[in-house]
1. Condition (residue is touching a Ser or Thr at 6+ places or on another chain (Cβ under 7 Å) and under 30 Å from Trp17 (Cβ atoms)) applied to the range 222-233: is it met by at least one residue?
2. Please verify whether Ser28 is open to solvent by 30 Å² or more (accessible area, probe 1.4 Å) and of a type outside the set (Val, Ile, Thr), treating the condition exactly as stated.
3. Is the range 142-149 home to any residue that is free of Cβ contacts under 8 Å to residues at least 24 places away in the same chain and assigned by TED's automatic domain parsing to the domain that holds Leu179?
4. Among the residues of the range 122-139, count how many are of a type in the set (D, E, K, R) and either at positive phi or surrounded by 15 or more Cβ atoms within 10 Å (Cβ to Cβ) (or both).
5. Those residues that are within 16 Å of ligand 2 (Cβ to nearest atom) and open to solvent by less than 40 Å² (accessible area, probe 1.4 Å), I need them from the range 68-89; list them, please.
6. Quick check, is Ala201 outside the structural domain of Thr319 (by TED's automatic domain parsing) and buried (at least 16 other Cβ atoms within 10 Å of the Cβ)?
7. Looking at the range 239-250, is at least one residue more than 16 Å from ligand 2 (Cβ to nearest atom) and either at positive phi or in a helix (DSSP H, G or I) (or both)?
Amino acid sequence: MTIELKNIGKSYDGNSWTLNGITTEIESGEFFAIVGPSGCGKSTLLRMIAGLISISEGEIEIDGKDVTNLPPQDRNLTMVFQNYALFPFLSVRDNVAFGLKEHKMDAEEIKRRVDEALDMVNLTEYGDRKPRDLSGGQRQRVAVARAIASDAEICLMDEPLSNLDAQLRGKMRSEIRMLQQKLGLTMIYVTHDQVEAMTMADRIMVLHDSKIQQIGTPLEIYNHPANTFVAEFFGTPRMNLLEATYDARLNKLVVDESLEFDCEDGMDRDDYIVGVRPSGFSVEKAAGRSNARVVNAEYLGNMSIVELELDGGDEIRVTVDDDMNHDWMINQRMLVKPQGIFYIFDKTGKLFAKGGSSNGTSRSEEEFVATAAR
Ligand code: ADP
Ligand code: MG
């Protein structure tokens, strides 16, 4: 089941656009995440795809058929929302089986699907309970089980894990992903959590400012962020963004007197923003030379996150691997140098080029994504 969004727009008040110009095609069997900060229109877009709210502009096609004006039940999809709705008088089993009975599936098949779905969400023992006898997290898992058990080929989920504790969230992430693959579901999954999007999705759509900022695989988004918004949104700690001036004579981008970045090609303007991930700096106690002071340090066991103030006034966050030196002292003088890759954005925030080399000592980007997926 492919889903095609053609220039979708939504205005709630007839004056301003909550969403504007949303165009993309979601492939059959794809896990497609919609991610962005709270209030950017994620739920609005999902509800339009579901048919729960009207579209102000544009068209939606499912498998080549225009469904823009069809009601939800005619769109071959199932949904899990933040505010899940269970039937209070039905048992957990019957809640999960509800959609299946409506579809006149035979009893054996229904039992098999319900058992499997309850097992998947760790609720096998709770099948005979009523929703009121469950915790909030358990109720949410019933809602997920209902979507899983359904025979709809498209599944829409709106932050389904946001009420669960961290441990269960991690487990449910991988189980939803496994299930989606096993059943070949086309999944549209809304989240504000960049790690969730990174670890679960085949492709990610980043929404902000009522527009699509970028669509790409997790690696593409992380390695080639289209702009400073996307660059800062993905990755923890956040990417550092530093204003820099291009010095054509030196062929360098200059942040301040003691922090410069080598450019490979000539640049065509004077002002840029240099983006550096926290692993993209080396920090050392250097005899004599220094260009920054330690403002704060958090020791995390395998690495430290160190905040430094550059002599030019900018503050940066740097991750320092291993236990090399965790007796960071506030106000200690340090020498900060670029290592590995950095990003060059133009003044409007658009990605202009990537600089540096990836075979430095910084943790590679591929490795970051692999680590996040574990
Ligand atoms: P998200 O899910 O990304 O947090 P929403 O889609 O819920 O964002 O909301 C996007 C914007 O639309 C917000 O500014 C919100 O206040 C507004 N909005 C959402 N629903 C309605 C509504 N029914 N009427 C008017 N404005 C709404
Ligand atoms: Mg929402």
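1. no
2. For Ser28, the condition - open to solvent by 30 Å² or more (accessible area, probe 1.4 Å) and of a type outside the set (Val, Ile, Thr) - is met.
3. No: the range 142-149 contains no residue that is free of Cβ contacts under 8 Å to residues at least 24 places away in the same chain and assigned by TED's automatic domain parsing to the domain that holds Leu179.
4. Counting residues in the range 122-139 that are of a type in the set (D, E, K, R) and either at positive phi or surrounded by 15 or more Cβ atoms within 10 Å (Cβ to Cβ) (or both) gives 3.
5. Across the range 68-89, the qualifying residues are Val80, Phe81.
6. Here the answer is yes, as Ala201 does meet what is asked.
7. Checked the range 239-250: no residue is more than 16 Å from ligand 2 (Cβ to nearest atom) and either at positive phi or in a helix (DSSP H, G or I) (or both).
Every residue, every condition in (1) in contact (Cβ under 8 Å) with a residue 60 or more places away in the chain; (2) among the acidic types (Asp, Glu), yes or no:
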residue: Pro278; (1), (2): no, no
residue: Tyr299; (1), (2): no, no
residue: Val306; (1), (2): no, no
residue: Glu309; (1), (2): no, yes
residue: Met334; (1), (2): no, no
residue: Pro338; (1), (2): yes, no
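The values are calculated or read from the model by the stated rules, or taken from the named source; none is laboratory data. Treat the numbers as computed from the prediction; the structure is a model and nothing was measured. Every residue, glycine as well, gets a Cβ built from its backbone with ideal geometry; the counts of neighbours run over all protein chains shown. The accessibility values were calculated without ligands, DNA or RNA, using every heavy atom of the protein model including side chains. Shrake-Rupley method; radii C 1.70, N 1.55, O 1.52, S 1.80 Å.
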